[in-house]
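S.K.: Have a look at the structure that comes next, please.
Every number in this text was worked out from the coordinates using simple rules, so none of it is lab data. Everything numeric here is computed off the predicted structure, so don't read it as measured data. Note that each Cβ is placed from the backbone with ideal geometry, even for glycine, and that neighbours are counted across all protein chains shown.
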Amino acid sequence: MFHLAAHARAWAANPKDFEAINVEGTRNVASAALTAGVRRVVHVSTELVDGDETLYQRSKRGAEQVVHQYLARGGDAVIVRPTRVYGPGPLTPAKTACSRQPNGGRGARPTSWAART
């Protein structure tokens, strides 16, 4: 199971959205994975987890802690920390900057692509 869903913004009208979506959403995914007997969860976090202390970063760190709790309960998981995830959907400033760089923004730092299925 791949878990990429997140409230990945610099701010929110309701700051509690970060915790509700990123942490509790991950808890829901982990619980469903255990119930369904999913072989492995791939949790997509962010390289920003170890950076400045924003609500987004704090919530992504909390989501990673949920994944560690899932592991302790017998689940199997991998946490990846890409620098940028982009794909179909609304054009955001981050996607605009990435798409205008040579080679789609893929250079010295890896970029990840998330496609809708």
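S.K.: If you take every residue apart from residue 74 with its C-beta less than 14 Å away from the C-beta of residue 74, what net charge results, scoring Lys and Arg +1 and Asp and Glu -1?
M.R.: Taking every other residue near residue 74 into account, the sum is +2.
S.K.: How much length would be gained if the chain were fully extended between residue 69 and residue 40, taking 0.36 nm per residue of separation minus their Cα-Cα distance, in nm to one decimal?
M.R.: Extending this stretch completely gives an extra 9.0 nm.
S.K.: Further question on the same structure: Long-range amide H contacts for residue 77: which residues qualify at under 5 Å (H placed 1.01 Å from N, peptide plane, sequence gap of 5 or more or a different chain)?
M.R.: For residue 77, the qualifying residues are 41.
S.K.: Tell me, in nm to one decimal, what length is gained between residue 11 and residue 52 on full extension, where the rule is 0.36 nm per residue of separation less the Cα-Cα distance?
M.R.: That works out to 13.4 nm of additional length.
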